[in-house]
Structure formats: structure tokens, C-alpha cells
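Working notes, structure below.
The values are calculated or read from the model by the stated rules, or taken from the named source; none is laboratory data. Keep in mind it's a predicted model, so treat the numbers as computed, not measured. Cβ atoms come from the backbone with ideal geometry, glycine included; neighbour counts cover every protein chain shown. These area figures cover heavy atoms from the full protein model, side chains too; ligands, DNA and RNA do not enter into them. Shrake-Rupley method; radii C 1.70, N 1.55, O 1.52, S 1.80 Å.
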Amino acid sequence: MVIGCCGLNNIDLANRCSEAGIILDARFWRTGVSTEALYLTLKFGFETLCLHRISLHTTEGNLGMRGWMEKAVGVEVECIRKDVLYLGNDKYIDSWDYAVFDHDWYLSVEKNLRARIAKR
């Protein structure tokens with residue numbers, strides 16, 4: 001059974017940056033699966049690929065993802081890009097962008113995520 005997908009995309013090794021994405025079946029929200037999947041994705045990006053920056057994007061209305069990024073991952077919104085996603089009928093929504101940097105990974109993010117996983 002596939003319950004979601006998580007990984008890196010738009011990997012730019014020359015500039016040591018990438019984007020991470022995560023989609024999870026709503027039945028598995030708040031189970032720790034997202035935290036563990038993102039932990040493994042970030043770990044691979046920073047520790048294996050030696051990336052400097054990994055960005056994640058969501059929308060203003062996705063309060064669960066935004067709260068999770070800020071509380072569980074420990075990062076703040078980096079920027080809000082206006083009218084990025086077209087919904088049709090001349091309607092757009094904004095993208096809320098987050099970034100995790102290698103120094104944050106080694107200083108606190110890795111430990112925070114590992115601790116949250118251990119609590120499950």
C-alpha cells in the first residue's frame with residue numbers, strides 16, 4: 001500500500017541546493033510518518049549529497065504543513081511568492097516557501113526531528 005511520496009527534486013549539485021516535497025494520505029497525518037520521511041530525505045540531502053539548502057513550498061491555506069514546518073522542523077517562512085499557483089477561473093494562490101540550510105541541519109534540525117521520531 002502506498003501512503004504517500006517524499007523526496008528531493010530539482011537537485012542542483014553545482015549550487016548545492018534542492019527542493020523537497022512530501023504528500024501523504026490524510027489517513028496517516030499526525031502519525032509521525034511525515035516527520036520520519038522528511039528526516040530521511042533531509043539526511044540524504046545534507047549528509048550524502050552535501051547540499052547547502054533544501055527548500056519546501058506550501059500554500060497559505062495549508063495550516064497543517066505550515067505549522068509542522070515551523071514547530072516540528074523548526075524553520076520559519078522564508079518568503080511568500082504571490083500568485084504562483086493557478087487555480088483556474090482567473091484565480092491564483094500564493095506559495096509559502098521554507099528553507100533548511102546545512103548549518104541548521106547540523107545545529108538543531110536533525111536533533112529536533114530525531115527526538116520527535118523517538119517519541120512515537
Number of Lys pairs (Cα under 27 Å; 8 or more positions apart or on different chains) in the chain:
8
What number comes out for accessible area per residue over the chain if the probe is 1.4 Å? Units Å², please.
63 Å²
Note: probe point = Cα of residue 23 + 7 Å toward Cβ; backbone nitrogen < 18 Å; residues of region 67-98 passing the test are 85-88, 93, 95-96
On a full-extension model of 0.36 nm per residue, what is the gain between residue 11 and residue 49, subtracting their alpha-carbon distance, rounded to one decimal in nm?
12.7 nm
Taking the chain as a Gaussian network, Cα atoms linked when under 10 Å apart, which of 90, 104, 25 shows the biggest mean-square fluctuation?
90
Mean residue ellipticity (222 nm) of the chain, computed from DSSP H runs ≥ 4 via -39,500 (n - 2.57), nearest 500
-6000 deg cm²/dmol
Under 8 Å for C-alpha pairs, at least 6 residues apart: give me the relative contact order for the chain, rounded to a whole percent.
24 percent
Using a ≥ b ≥ c from the Cα gyration tensor of the chain (square roots of the eigenvalues), is it rounded, prolate or oblate, where a/c under 1.5 gives rounded and otherwise the larger of a/b and b/c decides, a/b for prolate?
oblate
Where the accessible area of region 1-117 is counted over protein heavy atoms with a 1.4 Å probe, how much of it, in %, is carbon and sulfur?
55 percent
